[in-house]
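Undergrad: The structure is given below, and queries will be raised subsequently.
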Amino acid sequence: MIKISPSVLTADFLTLKDDIKKLELAGVDMLHLDVMDGNFVPNISFGAPIIRSIRKHTDLLLDVHLMIDRPHRYLNDFINEADYLGFHFEAGSDVSKLLKDIREENKKTCLTIKPATNPEEIFEYLPLCDMVLVMSVEPGFGGQKFMPMALDKIKTLSEYAALKGLNYEIEVDGGINAETAPLVINAGATVLVAGNYIFSAEDMAARVKEIKNL
Ligand code: DX5
Ligand code: ZN
């Protein structure tokens, strides 16, 4: 069954505790936490203290998406609270070393690629990945339009896993809603991030169930 990882980027942080409870009851699988540094992406979101607070209030898996330059510098800040610790291939860290360091801490790895990066560029790292994140928008902001070019990348990563006997999750992030979710599921995505589509809804649980039941 498809896994849902709501992104809290556009949530109201003062009501987030209640919203997380609603999402737990709705059957989400993870929470997606977007960390932005204003350098790797042209936006600043939140950092480790917020994630520590969220960790205290939920047992959901925390799926941390670091959009920061040279992420290895901040490994210690995020490793304890994260279940999946994700960083960008393009962010200027030694990719193999960072993936190994994350696994050494018994946490799950997630290597992330921007729209301009081809999946072939990360093939060599896939044996070290528990999850691969395909961005279907330029990272930086919620509420953008889904880029269909993500579909071929998801397909390539799914076929490569079957060919090599690897079993990483394939996560997709950006512009996911009831129209785009079936397309990415069909291409082979196993984890769907959804921000605006869930947090802009009156009834968040209905939106989660709608996507889960596709
Ligand atoms: C964008 C973030 C996303 C964002 C998704 O850089 O990585 O996780 O919150 O938001 P929606 O689902 O609104 O496109
Ligand atoms: Zn994200």
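The values are calculated or read from the model by the stated rules, or taken from the named source; none is laboratory data. Treat the numbers as computed from the prediction; the structure is a model and nothing was measured. Note: ideal-geometry Cβ built from the backbone for every residue, glycine included; neighbour counts use all protein chains shown. Remember, those area values only see protein heavy atoms, side chains included, never the ligands or the DNA or RNA. Shrake-Rupley method; radii C 1.70, N 1.55, O 1.52, S 1.80 Å.
Undergrad: How many of the residues making up the range 42-85 are touching a residue at least 60 places away in the same chain (Cβ under 8 Å) and within 14 Å of H32 (Cβ to Cβ)?
TA: As a first pass, look at the range 42-85 and keep what is touching a residue at least 60 places away in the same chain (Cβ under 8 Å): 42-43, 63, 65, 67.
The next check asks that each one be within 14 Å of H32 (Cβ to Cβ); those that pass are 63, 65, 67.
Residues flagged as touching a residue at least 60 places away in the same chain (Cβ under 8 Å) and within 14 Å of H32 (Cβ to Cβ) within the range 42-85 amount to 3.
Undergrad: Oh, and also: Write out, first by first residue and then by second, each pair whose Cβ atoms fall under 7 Å of each other, whose residues are 6+ apart or on separate chains, and whose first residue, in the range 132-160, is touching a residue at least 60 places away in the same chain (Cβ under 8 Å) while the second is more than 14 Å from ligand 2 (Cβ to nearest atom).
TA: Pairs that qualify, where the first residue is touching a residue at least 60 places away in the same chain (Cβ under 8 Å) and the partner is more than 14 Å from ligand 2 (Cβ to nearest atom), are G140/P42.
Undergrad: Which of (1) more than 16 Å from ligand 1 (Cβ to nearest atom); (2) small (G, A, S); (3) crowded, with 20+ Cβ neighbours inside 10 Å is the odd one out, the single condition G92 does not satisfy?
TA: Every condition holds for G92 apart from (3).
Undergrad: Follow-up question, since we're still on this one. Test of understanding: among I68, I20, which residue is open to solvent by less than 20 Å² (accessible area, probe 1.4 Å), away from ligand 1 (no atom under 14 Å from the Cβ) and out of contact with any Lys or Arg (no Cβ under 9 Å at 6 or more places or on another chain)?
TA: Exactly one of I68, I20 is open to solvent by less than 20 Å² (accessible area, probe 1.4 Å), away from ligand 1 (no atom under 14 Å from the Cβ) and out of contact with any Lys or Arg (no Cβ under 9 Å at 6 or more places or on another chain), namely I20.
Undergrad: So, one more: For the range 1-17, how many residues meet the condition of being touching a Lys or Arg at 6+ places or on another chain (Cβ under 8 Å), open to solvent by 10 Å² or more (accessible area, probe 1.4 Å) and at pLDDT 95 or above?
TA: First, pick out the residues of the range 1-17 that are touching a Lys or Arg at 6+ places or on another chain (Cβ under 8 Å): 1-2, 4.
Of the ones still in play, those that are also open to solvent by 10 Å² or more (accessible area, probe 1.4 Å) are 1-2.
When the remaining residues are screened for being at pLDDT 95 or above, the result is 2.
Counting residues in the range 1-17 that are touching a Lys or Arg at 6+ places or on another chain (Cβ under 8 Å), open to solvent by 10 Å² or more (accessible area, probe 1.4 Å) and at pLDDT 95 or above gives 1.
Undergrad: Hey, another quick one. Tell me, yes or no, whether the range 89-99 has at least one residue that is within 22 Å of F40 (Cα to Cα), assigned to a loop (DSSP other than H, G, I, E, B) and aliphatic (A, V, I, L, M). Step through it out loud before you land on a result.
TA: Our first condition is that a residue be within 22 Å of F40 (Cα to Cα); within the range 89-99, this holds for 89-99.
Right, trim to assigned to a loop (DSSP other than H, G, I, E, B) and you get 92-94.
This time we only want the ones that are aliphatic (A, V, I, L, M), so: none.
Looking for residues that are within 22 Å of F40 (Cα to Cα), assigned to a loop (DSSP other than H, G, I, E, B) and aliphatic (A, V, I, L, M), one finds none in the range 89-99, hence no.
Undergrad: Give the range 24-52 a look and list any residue that's of a type outside the set (D, E, K, R), within 16 Å of ligand 2 (Cβ to nearest atom) and closer than 16 Å to A194 by Cβ, or say none.
TA: Those that are of a type outside the set (D, E, K, R), within 16 Å of ligand 2 (Cβ to nearest atom) and closer than 16 Å to A194 by Cβ: V28, M30, L31, H32, L33.
Undergrad: Scan the range 156-214 residue by residue and report those that are within 20 Å of E121 (Cβ to Cβ), open to solvent by 20 Å² or more (accessible area, probe 1.4 Å) and among the charged types (D, E, K, R).
TA: Selection gives E159, K164, E169.
Undergrad: Look through the range 158-168, keep the residues that are out of contact with any Leu (no Cβ under 8 Å at 6 or more places or on another chain) and not charged (D, E, K, R), and return whichever of them is modelled with the lowest pLDDT.
TA: Of all residues in the range 158-168, those out of contact with any Leu (no Cβ under 8 Å at 6 or more places or on another chain) come to 158-159, 162-163, 165, 167.
From what's left, not charged (D, E, K, R): 158, 162-163, 165, 167.
On the way: S158: 98, A162: 98, L163: 98, G165: 98, N167: 95.
Once the filter is applied, the top-ranked residue is N167.
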